[in-house]
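The values are calculated or read from the model by the stated rules, or taken from the named source; none is laboratory data. On a predicted model such as this, the values are computed, not experimentally measured, just so you know. Ideal geometry is used to build each Cβ from the backbone, glycine not excepted, and the neighbour counts take in all protein chains shown. Protein only, heavy atoms only, side chains kept; ligands, DNA and RNA dropped before computing areas. Shrake-Rupley method; radii C 1.70, N 1.55, O 1.52, S 1.80 Å.
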Amino acid sequence: MASTGTQIFAFVLALLGILGATVATLLPNWKVSADVGSNIITAISQMQGLWMDCTWYSTGMFSCTLKYSVLALPAYLQTARTTMVLSCVLAALGLCLASLGLKCTRWGGGRRAKRHAALAAGACFLASGFLCLVPASWYTNEVIVTFLDANVPESNKFEPGGAVYVAFISAGFLFVGGAIFCLSCSGKRHGPQDLVLLPPDKLLLQQQQQQLLQAPPPQDPLQHQYCSLSPLDNKTGYSLQDYV
């Protein structure tokens with residue numbers, strides 16, 4: 001079983017992972033233009049993201065256009081949108097379960113319940129990291145293939161932007177956090193499995209109640225005296241034949 005400090009470290013990594021995945025989903029620089037124009041009127045920098053396209057002009061102007069049409073987008077972009085949103089949702093669910101599965105928290109039930117919560121949180125983090133890694137890899141591959149294509153003009157060539165690297169790092173954080181939470185549930189358990197974390201006064205009262213239940217019931221001495229008489233003892237008493 002992993003220590004409390006290791007679980008807290010995994011929780012922090014998962015928290016950084018979900019923050020990075022959320023930022024990467026919203027950033028508009030999934031790919032940036034690799035060609036810098038020399039004309040002052042033309043755009044000097046272009047950025048494309050999952051939700052909008054932005055353009056920097058040499059005059060200092062900055063404009064962004066939202067991608068309203070979903071069906072007009074290529075398949076890799078639609079997949080990136082869907083998987084990144086699912087990654088953020090699963091990571092948020094994993095954080096809720098991880099807060100219940102931490103050994104340093106009072107809520108979450110007994111050891112067995114905390115173990116199951118930690119395992120479920122680790123599975124959510126691993127799935128979230130996978131869903132974050134898939135769009136980043138696919139998007140990077142599409143950008144590189146387009147860049148190396150000789151038929152594409154120089155003005156339409158792009159290179160991976162900062163959001164892609166943020167997605168890769170976030171996926172790594174989620175993978176490490178999920179692996180630690182899953183490994184924290186491995187190994188045999190010794191002692192009671194359903195031990196509930198209680199305050200000291202309630203724990204002492206519970207121990208006293210268990211001792212009272214385990215103690216043997218008191219016996220009546222008179223009842224013990226009457227029950228100890230056997231049929232042989234009755235023969236030693238008086239008989240009616242002695243008086244006949």
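A straight chain from Ser69 to Val152 at 0.36 nm per residue would run longer than the Cα-Cα distance by 27.5 nm. Sorting the segments 66-74, 3-11 by their mean number of nearby beta carbons within 10 angstrom, highest to lowest, gives 3-11, 66-74.
For segment 62-166, the alpha-carbon radius of gyration amounts to 1.52 times the rule-of-thumb value 2.2 N^0.38 Å expected for a compact globular protein. Its Cα gyration tensor gives segment 1-127 an equivalent ellipsoid, and the semi-axes of that ellipsoid, as √(5λ) in whole Å with the largest first, are 43, 16, 10. Among the protein heavy atoms of segment 124-167, carbon and sulfur supply 65% of the accessible surface, probe 1.4 Å, non-protein parts ignored.
Farthest towards the positive end of the charge dipole of segment 103-172, among the residues Ala127, Ala150, Tyr139, is the Cα of Ala127, using unit charges on the Cβ of Lys, Arg, Asp and Glu.
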